[in-house]
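Derivation of every value follows stated rules applied to the coordinates shown; laboratory data play no part. Here the structure is a predicted model, which means the values were calculated and not measured. FYI the Cβ positions are ideal-geometry reconstructions off the backbone, even for glycines, and counts take in every protein chain you see.
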Amino acid sequence: MLGPVLLAAARSEQIRKLVSAAPVTRPVVDRFVAGEQLDDALETIRSLDARGMEVTLDYLGEDITDPAEATRNRDAYLYLAEALKGEGLGVRAEMSVKLSAFGQALPGGHDLALANITPVVEAAAEANTTVTLDMEDHTTVDSTLAILDTLRERFPQTGAVVQSYLFRTEDDCHRLAGAGSRVRLVKGAYKEPATVAFQDKKEVDRAYVRCLKILMAGDGYPMVGSHDPRMVAITQDLARRFGRKQDEYEFQMLFGIREQEQERLVSEGHRVRTYIPYGTDWYGYFMRRLAERPANLAFFLRSLASR
Ligand code: FAD
């Protein structure tokens, strides 16, 4: 019940100010966010790399309202790509980008986002790595997938995200399951209307399995973005059924969530990529993590009460 309320709050400017100003918020945020500075993220990459994990880096930001912010976000990613080149990890350290941080929701936003993301994808290629386009609310899906198609003409390794809660996603999976594609399948983290998305968790899970089958049976590279033990087990079964080796798909989980499971999968020889958010604009990301799990909210409220 609380999930939708928290997801609505994730887009409220007033609640953002309240939550961001509360002194107890920071330690709870630190559980999910690697730090505010690039150096914090680099330290985290090195530590995860030493433990056999691959990473995707997210410079936090979304829903910007001013084109100057889009430029600043693009520059932050260019700076990140340069740093990743220095780390020399190649595709073991890639980047995840939200196009709303690059101006997608502004007037003329589709072209603006494409203009801003293109140099970032070029810089990623220079660093021998790549970019995955995160997926945001359903109103952005057509634009994001069209930008993906354009980018893939020059950079076929550019990745996409699809969300199993959307009715359209099985069709998108069929279209994206071809050779050379990289597709992260997630359940979906936004508040979506019943006209476009399953509302019942069981239906979202069933749709996830259907999409997983399409991607695992296809010729692309599936990136299984879920902490759900059932989805992990089903992926392993499907890999056996479709004859996929361990380096022909990967698991992805978020920084700070089910870390032992991430290490267990690595110890079994699986490829595991941790999604690492960093930066100061953590509010929307943080609220979605609270909405996903009542226990996270309870932890946050307990720290408020103990002040
Ligand atoms: P759930 O059924 O929600 O959770 C299964 C179990 O995982 C829970 O029982 C719990 O043990 C654990 N768990 C799940 N969430 C949490 C949490 N917040 N805190 C603590 N434990 C938790 N969504 C998008 O809409 N667009 C994206 O681009 C996107 N990118 C993602 C990238 C990665 C690498 C991952 C892992 C997720 C991403 N998501 C994205 C979020 C996703 O849509 C889900 O909201 C989120 O992963 C929770 O779903 P789940 O599959 O883990 O399953």
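Here are a few things to note about the model shown:
- Between R175 and Q14, the modelled labels are 3.9 nm apart [label points 7 Å from Cα along Cα→Cβ].
- Kirkwood-Stokes translational diffusion coefficient of the stretch 137-275, alpha-carbon pairs, 10 °C, 1.306 mPa s, µm²/s: 103 µm²/s
- With a simple spin-label model that places each label point 7 Å from the Cα along the Cα-to-Cβ direction, the separation between E263 and D247 comes to 2.6 nm.
- Cβ crowding within 10 Å, taken as a proxy for footprinting-reagent exposure, orders F32, F198 from fewest neighbours to most as F32, F198.
- Cα pair distances exceeding 18 angstrom across the stretch 214-307, given as percent: 54 percent
- Subtracting the Cα-Cα distance of R154 and D40 from 0.36 nm times their residue separation leaves 37.9 nm of extension gain.
- Given K98/K201; K98/K191; K17/K202; K85/K187, the pairs whose alpha carbons are separated by over 28 Å: K17/K202; K85/K187
- When the convex hull of its Cα atoms is projected in every direction, mean area for the chain (nm²): 15.0 nm²
- Cα pair distances exceeding 26 angstrom across the stretch 57-210, given as percent: 26 percent
- Derived from the Cα gyration tensor, the three semi-axes of the equivalent ellipsoid of the stretch 174-252 are 22, 14, 10 Å, largest first.
- Relative contact order (percent, whole number), the stretch 33-281, Cα cutoff 8 Å, 6+ residue spacing: 23 percent
- Mean residue ellipticity, 222 nm, helices only, the chain: the sum of -39500 (n - 2.57) across DSSP H runs of n ≥ 4, divided by residue count and rounded to 500, is -16000 deg cm²/dmol.
- FRET efficiency, 1/(1 + (r/R0)^6) with R0 30 Å, evaluated for R31 and A194 via beta carbons: 0.40
- Spin-label pair D66-T280: with each label point 7 Å from Cα along the Cα-Cβ axis, the two points sit 1.2 nm from one another.
- Stretch gain in nm, segment E203-N128, where the contour uses 0.36 nm per residue and the Cα spacing is subtracted: 23.1 nm
- Sequence-distant contacts, meaning Cα pairs under 8 Å at least 6 residues apart, place the relative contact order of the stretch 231-307 at 23 percent.
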